[in-house]
Amino acid sequence: MKICFVSYDDKIPNETYDTLEWFGDYYKVPPEHFNREALSMADAVVIRGESERILDFLYRLRKTSEFALIPVIAVQEEEDEVVRHSVDFYALEYEFPEKKLLIRDIIEDINKRNKALYPLRGEASEEILILRYLITRKTSIKPLINIRTLKGYSYPQVEPFIDEDVFIALQRMSKNKLLNGKFVDRVHLCPFCGSAHLNFKEVCPKCKSANIHIEDTIHHFRCGYVGPESDFEIPGTDELVCPKCHKKLRHIGIDYDKPSQMYLCDSCGDVFEEPVVEVTCFNCKRTFDANHVAVFDVKEYSITSYGENVGKLGFIEKLKFDEVIKNYFNTVSFEFFKTMVNYSMSLEKRYGRKFVVAKIRIYGMEEFQREETYEKTFEMMKNASQILKENLRDTDIVCALNDKTILILLPETSKKTATKVLSRLIGKLSVFLPQEVAVKTEIIDNYAEVSKLFAEAPKQ
Ligand SMILES: [Zn+2]
Ligand SMILES: [Zn+2]
Ligand SMILES: [Zn+2]
């Protein structure tokens, strides 16, 4: 195993060197410049030093398509939570030797999964790298409470991959069904700057000072006076005396009671029942009513099966209808479909049980995609899949042959019924589909044609 060793200082303990040697080959590279040659040979990077330096290196590495997915092991003298969550394995310097077996296993696992991915053609997008990161690390993207960030949360695992706001990027990937978000926490943000560093405070409704306090009220039965407890207090004693009739109060419940509490403002002297909640943002220093606080849900993101396909293939630009369908449907493989058709043919021969094979051809999706955004195309394909699903029966067997052809086996169905089912389906589809996209159906009801279909598939 070859290790690229990056250290930001030279006070390296002998045990660390011994451990590096134990892995096999290691070569120490000067951290100042990004050594591509050394990285291209390495099975893993072991990096030690201060947090800022490690993160800086990691941000450069993860943005380089070629090296983005190299396993990274960080070694530090003092623990840093953000670094710990950013790298593939984290060890304090003294733990490094004893963790070597585990580290080797992790490196081997990641690299095995790295090798199983299709090679990338050219520079990969940030999204592809994030998907590949999730596939090769078998992990999800977890939010970490982080006081150093604006929203109070960060995603140290994937932030090194991207330039833009991580929350926006993850939300978009989730909207595109590449990731699946799960609620973790709700944060309150400043409506002006988006900061979570807010000071909520109860203030006086009259002068807006936070210098208020709460007190019991006392009701003196004898004269009917009601006022805050402090009005009854005699300084330097424990005694309570009514400020109105000047009688000493004796027993609670007998000559007086405490019916409620009230707030007193120590700035303007106002007395009130409910304070107002105001918020000051520590970032932009504005003050606003608590009702105007923005609410934001922090999520943990895991990869969807669709995201896994996209990540493995390494491209996202072109959506294929058959792949989208497979996410909405229990489609069958072409081999299984063939078996079922052959089985239906023998049932028909022997017992006269009718069946129909239908072929649906879709034209123009590729052209539509060339003109439209990824999101719009995905939405269109998703809805078309939904219509297919709703208008077929549970017993119908669907095979998404390629991005233009769908085969359907309708068992126990006459040609007349099949025609009805299909024309209803086409009717629904054509109402919804954009102008550029056209659908044609064909019922294949003789064996010669079925064989012909099988002979040409699944090429086109
Ligand atoms: Zn006041
Ligand atoms: Zn009184
Ligand atoms: Zn603010």
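Every number here is computed from the coordinates shown, using simple stated rules; none is lab data. Everything quoted here is computed from the prediction, not taken from an experiment. Glycine also receives a Cβ, built like all others from the backbone with ideal geometry; neighbour counts cover every protein chain displayed.
The modelled label-to-label distance for the pair VAL276/GLU229, using points 7 Å beyond Cα in the direction of Cβ, is 2.8 nm.
Quickly rank 97-105, 246-254 as a protection proxy: mean count of other C-beta atoms within 10 Å, highest first. Spell out each step's value before the answer.
Numbers: 97-105: 14.1, 246-254: 10.6.
Result, highest mean Cβ count within 10 Å first: 97-105, 246-254.
About its Cα centre, the range 70-228 has a charge dipole of approximately 840 debye under the convention of +1 per Lys or Arg Cβ and -1 per Asp or Glu Cβ, with nothing else charged.
Calculate for the chain the 222 nm mean residue ellipticity that helices alone would give, adding -39,500 (n - 2.57) per DSSP H run of length 4 or more and normalising by residue count, nearest 500 deg cm²/dmol.
Numbers: 14 runs with 158 residues, N = 460.
Using -39500 (n - 2.57) per qualifying helix, the result is -10500 deg cm²/dmol.
Once you order the gyration tensor axes a ≥ b ≥ c over the Cα atoms, which shape class does the range 325-438 get: rounded for a/c under 1.5, otherwise prolate or oblate by comparing a/b with b/c?
Values: a/c = 2.64, a/b = 1.95, b/c = 1.35.
Prolate is the answer for the range 325-438, as a/c is 1.5 or above and a/b outweighs b/c.
Take the Cα of GLU379, go 7 Å toward its beta carbon, and the backbone nitrogen atoms of the range 155-180 under 17 Å from that spot belong to 171-178. The Cα atoms of the range 66-174 give a gyration tensor whose axes a ≥ b ≥ c have a/c of 1.5 or more with a/b no greater than b/c, which makes the shape oblate.
If you take the beta carbon distance between LYS440 and SER414 as r and set R0 to 25 Å, what does 1/(1 + (r/R0)^6) give as a FRET efficiency, to the nearest 0.05? In this case the efficiency is close to 0.70.
Exposure proxy for SER65, SER423: other Cβ atoms within 10 Å of each Cβ, ordered fewest to most, give SER423, SER65. The ranking of MET340, MET381 from fewest to most other beta carbons within 10 Å of each one's beta carbon is MET340, MET381.
Take the alpha carbon gyration tensor of the chain, find the square roots of its eigenvalues, order them as a ≥ b ≥ c, and report rounded if a/c is under 1.5; if not, report prolate when a/b exceeds b/c, else oblate.
Working: a/c = 3.28, a/b = 1.52, b/c = 2.16.
Note, shape of the chain comes out oblate.
With +1 on each Lys and Arg Cβ and -1 on each Asp and Glu Cβ, and nothing else charged, work out how big the dipole of the chain is about its Cα centre, in Debye to the nearest 20.
Working: 65 positive and 73 negative charges, 646 e Å.
Dipole of the chain, to the nearest 20 debye: 3100 debye.
Which pairs, out of LYS2/LYS100; LYS389/LYS452; LYS100/LYS312; LYS28/LYS100; LYS175/LYS201; LYS376/LYS440, put more than 25 Å between their alpha-carbon atoms? Write down the numbers at each step before the final one.
Numbers: LYS2/LYS100 14 Å; LYS389/LYS452 27 Å; LYS100/LYS312 29 Å; LYS28/LYS100 18 Å; LYS175/LYS201 36 Å; LYS376/LYS440 22 Å.
Distance filter (> 25 Å) returns LYS389/LYS452; LYS100/LYS312; LYS175/LYS201.
From least to most packed, judged by other beta carbons within 10 angstrom and beginning with the fewest, ARG132, ARG53, ARG60 follow the order ARG60, ARG53, ARG132. Only bridges whose two residues both fall in the chain count here: according to DSSP, what percent of them are antiparallel, nearest 5? Roughly 75 percent of the DSSP beta bridges within the chain come out antiparallel. Taking the Cβ of ASP56 as the centre, find all other residues whose Cβ is under 12 Å away and add up their charges (Lys, Arg: +1; Asp, Glu: -1). For residues surrounding ASP56, the net value is +1. Close amide H contacts of VAL298 (hydrogens built in the peptide plane, cut-off under 5 Å, sequence separation of 5 or more or a different chain): VAL184, ASP185, ARG186, VAL187.
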